[in-house]
Amino acid sequence: MFLEAPEWLLTAPVAAVWAAWWWRRRATGLPAGTSGVSLALWVLAACAVAVAASGPRIREARPVPVEVVVLVDGSESMQGPALDRARRVAGEIAAAAPAEAASVRRGTFARGLAWDGVEATLDASSTDAGRAVSLAAALPSSGARRRIALVTDANDTSGAVRTAAAAARAAGVPVHVVAIGETAPELVVASLDVPRAVRRGRTFAAGVRVAGTRPGRLACSLAVGSAPPIERAADFAPPGATLRWGGLAVPAEAHDRLSVRVECRGGSGMDTWPQNNARQETVEITGAMRAWCLDLVAPPAPVPAPVPARAPAAATAPSRPGPGPQCATLARLLGDTADVVPVGPEEVRRLATATPRPDVLVLGNTGPGVLPPVAEPLAEAVRTGVGVLFLGGERALSLAGLGGTAIERDLLPVFLTRREEESVPERAVVMVLDRSSSMTGQKIALARESAIASARALPKETLLGVIAFDSQPYVILKPGPVGDASRAAAALAAITPSGGTDILKALRAARAMIEPVRAVQRVVVLLTDGASNPKDVVETAASMGREGVQVSTIAVGPEPDRQLLARVAEATGGRHYWARSAEAVPRLLLAEVTGGENAPAPDGKRSVVPASTPIARRVFRGVDPARLVPIDGLDHTQERPEGVAVAATETGEPIAAVRRVGAGQAAAFTPGLEDRWAGAFLAP
């Protein structure tokens, strides 16, 4: 203030000169009292003159600019007169903003927020005032103080407006609410109280809390799953009421979770927006596991009854397989932890759409042809969360014709390498040999020799067919029992190289040859050293895989299309080999054609050895391996990369293994639940 007045700039030097003069006079003998009084009078006079000339100067406070944000509720509960009045009130608020306000911004909110003057589509189906406040508070600021005004009927669907307003206030942005009176706050289902989990077979309770501002008659209905709704009615008085339901049961069709939904209706004048009158919660289902079990045994031969003379012979219905013992054994093993329900093949076919679905499907004896046609719905059910357990047995796994099928490819956690069946041949093999001009010399010679050696190594009852191909396929040997292999050897010795390479035509010829053949396992072995047009090749192979035909491929030399051949094998559950040199062909072809089955499966009891995997450590925690009961009845199996071993025999064959398939798991227990093993396991 002093520096801003020029009068003070003149007075200060004069006062300083006078003080110096006074000090000098005092030094020369002027009386101290006289000089002091004179000095004081002079200073007061100088100040009076300066004040009179300049007047008091007090700095005025500068006003802080204000940003005003006005938000109008545009939800469905604010349509009509309420919305018109809200817009009028918003206009009044905007007009009353200070003249020096930095900005006045207006918008409309419902489920989202749209600013005036900006083209946008607003979803009016619900009200999220909290989101509108958060967006308005987060707008870029120019340094002005922001204020938010909400013009609404207080019908907030999200329930987050208080939290958003508190956060805005903490950031220095106050929120003001102007309530519109044409519509009162609606009747709202504030909460639905249900347990987080319920046990199957037991009852539970549910409660609903309803809030509102008007008294009246309240009616609520509670639906548990697909069961009919249960009605409750009560007199309602603000601010809220609670209704309860007891003795609620888990519906039989519920699988692993259950939806509980409540809907409330108010009397006349109580409601404004029905969307808030319902609420739904999900309840997990625990308790006894639901297990379906399929295990079939052949019926005993019927004993003919004596027929009176001259009486017409009665037609007898064909006997059907009956339930086997493995399901009963499984129920004894699991006890109260699972509900084991015996089922037939028809239920397995409908597994993907069954209501209710089981938690796990246990598959024991089935017989050839039962499971391969339902491989895709079975795999889809597993991918969506149903577990499947494959058991060994008299007619299970390889004995049921699952080897080389989509079930082995997509579900089984083990490979099946030994298959036996009394009524049909165990194996049918079609060798498809490349005889194109690139196979000239040592390649074709070794291919012929290895094919002849493979034929001679096959069991006599094996069905063998041979196709040679270049740009066209040629049937060299029609499928038939290989016998002593002399017929096959003569046909194979006549193959000579010529022409181009067409793998698609060769596969189609192999499919036509093997389709009518009945065998537990049907295998096609394709040997080639070249590349081919890939169009439709993999698709043709995939169709063969769906029909239960396994295609394995052997690539010879440095130039074959290995990627295509690997995809062909993968599409059918087969194997792909690469013989970098022709010398490797005999060994690979022999191994694949014979399936490594020259040695019989080991007989007798086998010890159980836990695997060294995390799941095995959990399963066998606290178990002494020396006390594990030996098993027998083992189907010959081999480990596969996709499976995780749980237990094996002392010679390495998997006994138990699991495999993740989508949201579910597929497991295999290769011995099966035969009575002797189960009895020893259950013995004290």
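The values are calculated or read from the model by the stated rules, or taken from the named source; none is laboratory data. These numbers come from a predicted model, not from an experiment. Cβ sites come from the backbone with ideal geometry, for glycine too, and all protein chains shown count toward neighbours. In case anyone asks, the SASA skips ligands and DNA or RNA and just uses the protein heavy atoms, side chains included. Shrake-Rupley method; radii C 1.70, N 1.55, O 1.52, S 1.80 Å.
Arg146 meets each of the listed conditions (1) more than 15 Å from Val175 (Cα to Cα); (2) open to solvent by less than 20 Å² (accessible area, probe 1.4 Å); (3) more than 44 Å from the chain's Cα centre (by Cα) apart from (1).
If you check Ser126, Ser142, Ser134 for being over 16 Å from Gly74 (Cβ atoms) and assigned to a loop (DSSP other than H, G, I, E, B), only one passes: Ser142. Looking only at segment 434-452, which residues are part of a helix (DSSP H, G or I) and β-branched (Val, Ile, Thr)? Answer for segment 434-452, where residues must be part of a helix (DSSP H, G or I) and β-branched (Val, Ile, Thr): Ile444, Ile452. Inclusion of Val151 among residues that are at pLDDT below 90, of a type in the set (A, V, I, L, M, F, W, C), farther than 22 Å from Pro274 by Cβ and assigned to a strand (DSSP E or B) is not warranted.
Touching a Pro at 6+ places or on another chain (Cβ under 8 Å), part of a loop (DSSP other than H, G, I, E, B) and closer than 16 Å to Pro425 by Cβ, is that true of Ala531? So Ala531 fails the test. Considering segment 165-189, and only residues there that are surrounded by fewer than 17 Cβ atoms within 10 Å (Cβ to Cβ) and either at pLDDT below 85 or in a loop (DSSP other than H, G, I, E, B) (or both), the residue that is nearest to the chain's Cα centre (by Cα) turns out to be Ala171. Within segment 457-476, how many residues turn out to be out of contact with any Ser or Thr (no Cβ under 9 Å at 6 or more places or on another chain), open to solvent by 10 Å² or more (accessible area, probe 1.4 Å) and not polar (S, T, N, Q)? Going through segment 457-476 one residue at a time, the tally reaches 7.
When you check Ala379 against the structure, is it closer than 25 Å to Pro481 by Cβ and part of a helix (DSSP H, G or I), yes or no? Can you show your working first?
Working: closer than 25 Å to Pro481 by Cβ: no; part of a helix (DSSP H, G or I): yes.
For Ala379, the condition - closer than 25 Å to Pro481 by Cβ and part of a helix (DSSP H, G or I) - is not met.
Identify, please: which residue in segment 241-262 is open to solvent by 70 Å² or more (accessible area, probe 1.4 Å) and at pLDDT 90 or above and is, among those, nearest to Asp339 (Cα to Cα)? The selected residue is Arg261. Quick test of your reading of the structure: Pro342 fulfils all but one of (1) open to solvent by 30 Å² or more (accessible area, probe 1.4 Å); (2) at pLDDT below 85. Name the failing condition by number. All conditions are met except number (2).
Only one of the listed residues (Glu421, Glu380, Glu394) is at pLDDT 85 or above, open to solvent by 40 Å² or more (accessible area, probe 1.4 Å) and not β-branched (Val, Ile, Thr). That residue is Glu380.
Out of the residues in segment 217-240 meeting the condition of being over 39 Å from the mean Cα position of the chain (by Cα) and surrounded by fewer than 18 Cβ atoms within 10 Å (Cβ to Cβ), tell me which one is nearest to Asp271 (Cα to Cα). Restricting to residues being over 39 Å from the mean Cα position of the chain (by Cα) and surrounded by fewer than 18 Cβ atoms within 10 Å (Cβ to Cβ), the top hit is Arg217. Among the candidates Arg162, Arg106, Arg145, the residue that is at pLDDT below 90 and over 30 Å from Thr282 (Cα atoms) is uniquely Arg145.
Across segment 398-418, the qualifying residues are those that are modelled with pLDDT under 80 and in a helix (DSSP H, G or I), and the one among them that is most open to solvent (accessible area, probe 1.4 Å) is Leu399. Comparison of Val297, Val307 shows that the only residue that is at pLDDT below 80, out of contact with any Leu (no Cβ under 8 Å at 6 or more places or on another chain) and open to solvent by 70 Å² or more (accessible area, probe 1.4 Å) is Val307.
Listed here are the residues, each with its yes/no results for (1) over 14 Å from Ala154 (Cβ atoms); (2) open to solvent by 60 Å² or more (accessible area, probe 1.4 Å).
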residue	(1), (2)
Leu83	yes, no
Ala95	yes, yes
Ala99	yes, yes
Gly107	yes, no
Gly117	yes, yes
Ala120	yes, yes
Asp128	no, no
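One residue stands out among those in segment 130-143 that are in contact (Cβ under 8 Å) with a residue 24 or more places away in the chain and small (Gly, Ala, Ser): the one that is surrounded by the fewest Cβ atoms within 10 Å (Cβ to Cβ), which is Gly143.
Within segment 357-369, the residues that satisfy the criterion of being open to solvent by less than 30 Å² (accessible area, probe 1.4 Å) and in a loop (DSSP other than H, G, I, E, B) are Pro358, Gly364, Asn365, Thr366, Gly367.
Tallying residues that are within 14 Å of Val524 (Cα to Cα) and assigned to a helix (DSSP H, G or I) within segment 461-504 yields 2. Comparison of Gly287, Gly269 shows that the only residue that is at pLDDT 70 or above and at positive phi is Gly287. Taking the criterion of being more than 17 Å from Leu397 (Cα to Cα), of a type outside the set (D, E, K, R) and out of contact with any strand residue (DSSP E or B) (no Cβ under 9 Å at 6 or more places or on another chain), the residues of segment 608-647 that qualify are Gly622, Ala626, Pro641.
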